[in-house]
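Just so it is clear, none of the values below were taken in a lab; they were calculated from the coordinates. Note that this is a predicted model, so its numbers are computed, not measured. When we count neighbours, we look across all protein chains shown, and the Cβ atoms used for this are built from the backbone with ideal geometry, even at glycine.
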Amino acid sequence: MDEDGSGWIDAAHLTPDLDEVRELEERLQCRPWREDRAFVARHLAGDFAEIGRSGKRWDRAAILDQPPQPWPPSVVLHDLRMLRLGDDLVLLRYTGSHGSDGRVHRSSLWRRGTPGWQVVYHQATPEDAPAPPAAPGDRPAPVLVGERVRLRPTAAADKPALLAIRSTPEVRARWRGDDLEAELDDDLTDPDLVPLTIERLGDGEIVGYIQYAEEADPEYRHAGMDLYIDPAHWRRGYALDAIRTLVAHLVGERGHHRLVIDPAADNTGAIECYRRAGFAPVGVMRRYERQADGTWADGLLMELVVDP
Ligand SMILES: CC(C)(COP(=O)(O)OP(=O)(O)OC[C@H]1O[C@@H](n2cnc3c(N)ncnc32)[C@H](O)[C@@H]1OP(=O)(O)O)[C@@H](O)C(=O)NCCC(=O)NCCS
């Protein structure tokens, strides 16, 4: 929707063809797509030109001949907007960051031709001042793109898909609730939570949900997270990628040095997943969480601490 009459369209209101361009741009920003030479070759126009963040100029051949780079596994995108310049020509701009290496303002010109959408021009300019420190209560809504999944602010339109996942017996066993719709609404409107829908990269299918909360007291600054994945998609690395991507954002952009998560002590699959993401057990919290039958189950406190 062109809200201010300028023609710029925000990420929540893209038409399907603009959304395709948005996805291609995001994929060009991170692994494993950048390591996929055929993918990059398919989407760089023959007359492609870039002025990179260092000021260096690139053309298509220079990009494709580049030796393998340590591409970041995830990228954070803020304020993505698009301007349609013609039926087959769009300008896209956003601010991106790869964790702690600073924010970069980017713009790309995409053209649609016989090979589909290709990027013709890209410009990257580092932000001249560091991002303002994350303030308590400030609710950022960036898009986080990982290797396999994309985390984006949960929209009302996601509710049916998320309710279907929460209603599966496997997820319900861990994310309980009598009235799941009311529970989901609570999560989406809770001012202390940042709810993010997990989409599979490539086709945008909703495969799960992850949320985080930040401790507002600066003396005890930390963040906690929780998630679920559709059982139909378990063991494909989506949870691990979602957690790693969120960790990179919380540490790199939100400035956290300590993250926590508190699975049930008997949730061995989740505990192993968090261990693989870098969390270590702190200890068992006895009789921590009330069960459907009224009894209390133990929880395991796990933390990921970034040492100075
Ligand atoms: C826990 C959960 C989020 C994991 O999602 P997932 O997408 O299947 O996890 P991944 O595929 O990313 O798993 C990554 C690694 O974690 C470990 N892991 C994940 N699930 C596991 C399980 N059931 N048993 C043992 N190890 C498991 C494995 O090491 C796995 O790697 P591998 O598949 O190569 O062996 C998912 O099972 C879930 O939604 N459970 C119900 C809700 C829940 O328990 N949420 C957590 C509340 S704290």
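Before moving on, here are some points about what is shown:
- Between helix 16-28 and the chain there is an angle of about 80 degrees, using the helix long axis and the longest principal axis of the Cα atoms.
- Here the relative contact order of the chain, from alpha carbon pairs under 8 Å that lie six or more residues apart, stands at 12 percent.
- Distance between modelled label sites at Asp88 and Tyr288, nm, 7 Å Cα→Cβ extension: 5.7 nm
- Extension reserve of the Asp47-Thr114 stretch, reckoned as 0.36 nm per residue once the Cα distance is removed: 22.7 nm
- Peptides 273-283, 167-177, 225-235 ranked from most to least packed, by the mean per-residue count of other Cβ atoms within 10 Å: 225-235, 273-283, 167-177.
- Loop-located GluC sites (Glu not before Pro) in segment 12-50 whose Cβ has at most 16 other Cβ within 10 Å (DSSP): Glu35
- For segment 143-305: rounded, prolate or oblate by the Cα gyration tensor [a/c cutoff 1.5]: rounded
- Take every pair of alpha-carbon atoms less than 8 Å apart whose residues are at least six positions apart; their mean separation over the length of segment 168-308 yields a relative contact order of 17 percent.
- Annotation: amide H of Ile198 within the under-5 Å range of Val207, Gly208, Tyr209, Ile210, sequence separation 5 or more or interchain, hydrogens built in the peptide plane.
- Nearest 10 degrees, 0 to 90: helix 180-189 Cα axis against the chain principal axis: 60 degrees
- Over the chain: helical MRE at 222 nm, DSSP H runs n ≥ 4 each giving -39500 (n - 2.57), nearest 500: -6500 deg cm²/dmol
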